[in-house]
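The values are calculated or read from the model by the stated rules, or taken from the named source; none is laboratory data. Computed from a predicted structure; not experimentally measured. FYI the Cβ positions are ideal-geometry reconstructions off the backbone, even for glycines, and counts take in every protein chain you see.
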Amino acid sequence: MAKLRMTGRGLWITTLVAPPLAFVALFIVYPIIAAFAYAFFDWQGLLRGEFVGFANFHQVLFVEPYASWTRNAFTHNIIVFFALMVLQNGLGFLLAYGLWRGLPGARFHRIAVFMPVVLSTIIVGYLWKLFYHPLFGPVNQVLRGIGLDQLAQPWLGQSSTALWALIIANAWHLVGFPTLVFLAGMQRIPTEILDAARMETESEWVKITQIVWPLVAPSATIVFVLLFVGAFNWFELPYIMAGLDGSPFGSTDVLGLYFYRTAFGNVSAGTQDFGLGSALAVLIFIFIAAVASVITVRLRAREIQV
Amino acid sequence: MTVATANPPQHNSLLGTLGRDGLIQIILIANTFIMLAPIVIMVFSAFKTNPEIFQSPFSIPDFTHVDNFVRIWTETNFLRYLINSFVVTGGAMALVLTLGTMAAYAIARYEFFGASFILLFFLAGLTLPLKLAIIPLFMLMRDLGLLNNQFSLIFVYTAMGLPTTVFIMTGFIRSLPNELEDAARMDGASEARIMWAIMLPLVRPAMVIAGIQNVVPIWNDFFFPLVFIQNDNLKTLPQGLTTFMGEYSTDYGVLYSGLTLSALPIIIIYILLSRQFIAGMTAGAIK
Amino acid sequence: MTKTTIRIAAVLGAATIAAPALAQDLTFWSWRQEDRAQYEEFIAAFEEENPDITVTFESFEATNYNTILSTALAGGTGPDLMMVRAYGGLENVASAGYLMPLDEEKIPALAEFPDSALAAETMRSDETLYAVPFASQTMLVIYNQQIFDDLGIEEPETWEELLEISQTIEEAGMMPFANGTATAWQNETIVSALTSSIMGSGFYEDLDAGEADFTDERFIDALTHLEEISAYFPDGFIGLDYASAQQLFSSGMAAMFAGGSFEIATFRNLNPDLELGVFAAPGTSTDDEKLVGLFYDGGYAANASTDHPEAALKFLNYVASQEFGQAFADSLSNISPIPGVEFSDPLLQEVSELNQASIPYMMLVDFRYGEPSGSVLLQQEVQKLLAGETTPEAAGETITEGLSTWYEPFQD
């Protein structure tokens, strides 16, 4: 290292570092900063108009009908997050615990549980949309087949079931991810700690809550944060399964759909509005960043250093 | 960075654990059934006609009945979408791995002013949801004349893939021993030659991990093509899927065969390389 | 036959404006991806008569077409000629000054066009026409003639009869209507297709004059009737998407489909053996005028900053000619608004006759000029209504209230 002339060395490092930096600066950092700036202007189609201060923010938060649209979509994101926390991360933890025991066939189960994860959300969305079809979908056909005709429902058509139908499709798609992250966490628990625990108690429950759970806390932190960011970026699955309007009547509307619809318009809406869209993007962005950092800090504090 | 493969815990009493393990085994089998059944129904239905799907949705089909696949192959732009997906994913992966390794190598092997700042800069991009910046990205692509051009996708995917790649590669390159490098330097080899001939062959395992970490989300992405690409001949597979799902919306056999054909490439590769896939895709989440 | 008429049209188009000598390349954008073959034929005929002009046809996905077009125009890479939407959808593109203003001096044939057609392509703020309208669409009930014949039933004259025939069909083990409401915009089409006669032209006139809003009892009555007839929609219709509904009808499992005349071509495509009939959904008594819902799809426009304005105008004159309209109707099975066009297809002929008694497809025609658009409001409220989660009265109130945020006549 020392033998290099400073100019040559500097040039070489710059050659290595500048192109990747330029990509990140141009296609990530600049657009995100620009999104903040855009939100303070009035937009006529693709033309930037006057500076309007916080007017766009005020409109999406406090002026009807935008305010109730925003609230409605936000509430659904919250439901999605907590539901997936149980159905996806909770189930994932249990499955990981089962897989960790290394019973016969564990390798096969591991491959199976992760298989949907590699599929595109678009494929998963269409597949489950076909499954939920009120007349011909396998879900209702199974229910009718076992004599539960009254349970066969238009799952995606009712406001009471549509969001849950989407949540279940999402959990099926991605449960393999937390499962294998937790499993990796468990596999790194030192054998001595486990042996010691086994001396202390026979209860599986005590072992899970007192030993395993605290020791996989680092995995949990990451899985929780990723789920949070994912739940508030939810777009593809509702887009394919419920449409851009969050059908039926907004009962599956989430911030992602609402943002896209506001910014780029859809067939039935009058206009597209980059100003309001940017304001929404900024609000979602700030919310995600704030909560994600709180989750990280709070959970990190609880992690046990092994 | 790989998943730890420690031995499973030893069981001290076979009798005592039998009941408990039996329960666990049942749960695991049930779960595996739920995971695989939808995929199996999809593949089976792809070989059926509409009446067969309505009347016997779960029966084993006649696997010689490939009309649905023939229609997808000949009547739609499927092949074109597939090629486009390969072009875009291939282009982005080549750039991600090249640029990511360059940056990681510089950060990991040289001490220079701002190195840690640059690493932080990349890490900041790790969790930022870029979807929310789609409006400025859209305007940027318009100004660069890249709308309706696959380079818009390649560039965005490259930028999105760089943070994780730099993160994974930096950690790995740092762990490499110095001896080889120092010896080569003594022999008067240039820095570029040291990197190319000596260090790069050593970082291949990390490149596989970083590659898989990025290749799956890029291959599957739908959002950016939705906004950037309108010309049918330029669409990637997930986006193209929405086009022909619309065209054949009433022919369920064809729909299922379209889904099957789209899912097949990645499922087969996954089954062959499941260990690497699992390690790669969870790499960002495992410390 | 078609070829010759197109050729004559092309000559006429060419004759209106003196041809410059240089070769001119024009691009023409469209959202009708499925009509590419027909458009290439129209263009070939035009080019044959105008050897100095070449037109390149490019088509884009319909749902994103507006975004693509306005992006390209704003970036200066727009086409010379393009299809544009009507009503509020035209506004986005026209208000930015991207389109060439048109009048009867530039395109003499426009003098003969119906006013409602021209109004669809006229921007409200400057009262200027920007495009040559190309097709009207009609909201009505399409039925399976075979099923009607087999069951010995006829087109209903009153709402009561509509309920009766629905009952007959249901008792015969078939679905009376194929419609589903899971796809949002289908909720808007069924309102227009089934209840235009119930609302009556008087309601639309009052609405247009600012004397009525959607809390008006004639509108509430329409929604109440819609709720009533939805008992004859398929089981679980609130979860049934548009494509599945089309499938139920075209496969002969359902006898009627309430929707747009644009479905006719789709149904024939899905099942060429299908014998189709159409009727306007009736009012409560035989005295009520039977009305269909009517709107214009879009028009052909020219770029205001095209390098070849004469050539572009020549093309617009061509697409405004009766001969083009005839070829358009014959090969695309669409209702051309150009006067004098005759429909060799008896079904289209019938649709064009039904058009004589119509009210506008009103949310599109009048209420897509602001947010929230009338279409979005109506779609959501009808979806709710048919799911049993709101009443006609509450729906009317929500729609009126939503529109009052930007629609001035509702603001007092």
Next item on the list: Check the range B:73-81 and report whether any residue there is within 18 Å of B:MET160 (Cβ to Cβ) and assigned to a helix (DSSP H, G or I).
Entry: no
Next item on the list: Collect the residues in the range A:187-196 that are more than 10 Å from chain B (Cβ to nearest Cβ) and among the hydrophobic types (A, V, I, L, M, F, W, C), keeping them in residue-number order.
Entry: A:ILE193, A:ALA196
Note to self: Looking at C:PHE324, C:PHE279, C:PHE295 in this structure, which one is over 29 Å from C:MET362 (Cβ atoms), modelled with pLDDT of 90 or more and under 20 Å from the mean Cα position of the chain (by Cα)?
What the structure shows: C:PHE324
Check: Looking only at residues in the range C:236-257 that are small (Gly, Ala, Ser) and over 24 Å from the mean Cα position of the chain (by Cα), which one is farthest from the other protein chains (Cβ to nearest Cβ)?
Finding: C:GLY252
Item checked: Residue pairs meeting the criteria (Cβ under 7 Å; at least 6 apart or on separate chains; first more than 8 Å from every other protein chain (Cβ to nearest Cβ), in the range B:88-108; second small (Gly, Ala, Ser)) -> B:ALA92/B:GLY161; B:MET93/B:GLY211; B:VAL96/B:GLY161; B:LEU97/B:ALA210; B:LEU97/B:GLY211
Checklist line | Hits in the range A:33-51 - residues which are modelled with pLDDT of 90 or more and either part of a loop (DSSP other than H, G, I, E, B) or among the hydrophobic types (A, V, I, L, M, F, W, C) (or both) | finding: A:ILE33, A:ALA34, A:ALA35, A:PHE36, A:ALA37, A:ALA39, A:PHE40, A:PHE41, A:PHE51
Notebook entry, point to check: What is the number of the single condition among (1) in a loop (DSSP other than H, G, I, E, B); (2) touching a Lys or Arg at 6+ places or on another chain (Cβ under 8 Å) that A:THR252 does not meet?
Noted result: (2)
Margin query: Give me the residue from the range B:137-169 that is touching a helix residue (DSSP H, G or I) at 6+ places or on another chain (Cβ under 9 Å) and of a type in the set (Gly, Ala, Ser) and, out of that set, nearest to the other protein chains (Cβ to nearest Cβ).
Written below: B:ALA159
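For (1) surrounded by 14 or more Cβ atoms within 10 Å (Cβ to Cβ); (2) farther than 30 Å from B:THR165 by Cβ, each residue gets a yes or a no:
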position: B:THR49; (1), (2): yes, yes
position: B:ARG71; (1), (2): yes, yes
position: B:THR74; (1), (2): no, yes
position: B:SER85; (1), (2): yes, no
position: B:ALA92; (1), (2): yes, no
Notebook entry, point to check: Looking at A:PHE82, A:PHE62, A:PHE23, which is the one that is modelled with pLDDT of 90 or more, crowded, with 16+ Cβ neighbours inside 10 Å and not polar (S, T, N, Q)?
Noted result: A:PHE23
Next item on the list: Would you confirm whether any residue within the range A:175-191 is among the β-branched types (Val, Ile, Thr) and more than 30 Å from A:LEU127 (Cβ to Cβ)?
Entry: yes
Next item on the list: Show the residue pairs that are 6+ apart or on different chains and have beta-carbon atoms under 7 Å apart, the first residue being within the range B:41-54 and more than 10 Å from B:TYR256 (Cα to Cα) and more than 10 Å from chain A (Cβ to nearest Cβ), the second being modelled with pLDDT of 85 or more and in a helix (DSSP H, G or I).
Entry: B:THR49/B:GLY253
Notebook entry, point to check: Restricting the range A:140-163 to residues that are surrounded by fewer than 19 Cβ atoms within 10 Å (Cβ to Cβ) and within 13 Å of chain C (Cβ to nearest Cβ), which is nearest to C:THR183 (Cα to Cα)?
Noted result: A:SER159
Next item on the list: Could you check, for the range C:362-371, whether at least one of its residues is within 8 Å of chain A (Cβ to nearest Cβ) and either within 16 Å of the chain's Cα centre (by Cα) or at positive phi (or both)?
Entry: yes
Item checked: When residues of the range C:164-187 are limited to those that are part of a helix (DSSP H, G or I) and touching a strand residue (DSSP E or B) at 6+ places or on another chain (Cβ under 9 Å), the one modelled with the lowest pLDDT -> C:GLN186
Notebook entry, point to check: From the residues in the range C:386-399 that are over 11 Å from C:PHE367 (Cβ atoms) and in contact (Cβ under 8 Å) with a residue 24 or more places away in the chain, which one is surrounded by the fewest Cβ atoms within 10 Å (Cβ to Cβ)?
Noted result: C:GLU393
Next item on the list: Return the only residue of B:LEU99, B:LEU146 being outside any helix (DSSP H, G or I) and aliphatic (A, V, I, L, M).
Entry: B:LEU146
Check: Residues of the range B:173-191 being free of Cβ contacts under 8 Å to residues at least 24 places away in the same chain and in contact with a helix residue (DSSP H, G or I) (Cβ under 8 Å, 6 or more places away or on another chain), which ones?
Finding: B:LEU180, B:ALA184, B:ARG185, B:ALA189, B:GLU191
Next item on the list: Identify all residues within the range B:257-287 that are surrounded by fewer than 17 Cβ atoms within 10 Å (Cβ to Cβ) and more than 8 Å from chain A (Cβ to nearest Cβ); write none if there are none.
Entry: B:LEU264, B:PRO265, B:ILE268, B:LEU272, B:LEU273, B:ARG275
Check: Has the range B:21-34 got any residue that is more than 33 Å from the chain's Cα centre (by Cα), within 11 Å of chain A (Cβ to nearest Cβ) and closer than 27 Å to A:VAL117 by Cβ?
Finding: yes
Note to self: Any residue at all in the range C:281-295 that's of a type outside the set (Ser, Thr, Tyr), out of contact with any His (no Cβ under 8 Å at 6 or more places or on another chain) and within 14 Å of chain A (Cβ to nearest Cβ)?
What the structure shows: yes
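Condition check ((1) out of contact with any Asp or Glu (no Cβ under 9 Å at 6 or more places or on another chain); (2) more than 9 Å from chain A (Cβ to nearest Cβ); (3) closer than 18 Å to B:LEU226 by Cβ) across all residues:
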{"site": "B:ARG80", "(1), (2), (3)": "no, yes, yes"}
{"site": "B:SER85", "(1), (2), (3)": "yes, yes, yes"}
{"site": "B:PHE112", "(1), (2), (3)": "yes, no, no"}
{"site": "B:LEU119", "(1), (2), (3)": "yes, yes, no"}
{"site": "B:LEU128", "(1), (2), (3)": "yes, no, no"}
{"site": "B:ALA133", "(1), (2), (3)": "yes, no, yes"}
{"site": "B:GLY171", "(1), (2), (3)": "yes, yes, no"}
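Per-residue answers, yes or no, for (1) touching a residue at least 40 places away in the same chain (Cβ under 8 Å); (2) in a strand (DSSP E or B); (3) farther than 15 Å from C:SER336 by Cα:
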| position | (1), (2), (3) |
| --- | --- |
| C:VAL84 | yes, yes, yes |
| C:GLY89 | yes, no, yes |
| C:GLY97 | yes, no, yes |
| C:GLU105 | no, no, yes |
| C:ALA111 | no, no, yes |
| C:ALA117 | yes, no, no |
Check: Could we say that A:LEU94 is modelled with pLDDT of 90 or more, within 14 Å of chain B (Cβ to nearest Cβ) and either in a helix (DSSP H, G or I) or in contact with a His (Cβ under 7 Å, 6 or more places away or on another chain) (or both) here?
Finding: yes
Item checked: Which listed residue, of B:ILE194, B:ILE198, B:ILE212, B:ILE268, is in a helix (DSSP H, G or I) and touching a residue at least 24 places away in the same chain (Cβ under 8 Å) -> B:ILE212
Note to self: It is to be established whether one or more residues within the range B:110-121 are crowded, with 23+ Cβ neighbours inside 10 Å and not polar (S, T, N, Q).
What the structure shows: no
Next item on the list: Name every residue in the range A:148-201 that is at pLDDT below 85 and charged (D, E, K, R), in order of residue number.
Entry: A:ASP149, A:ASP195, A:ARG198, A:GLU200
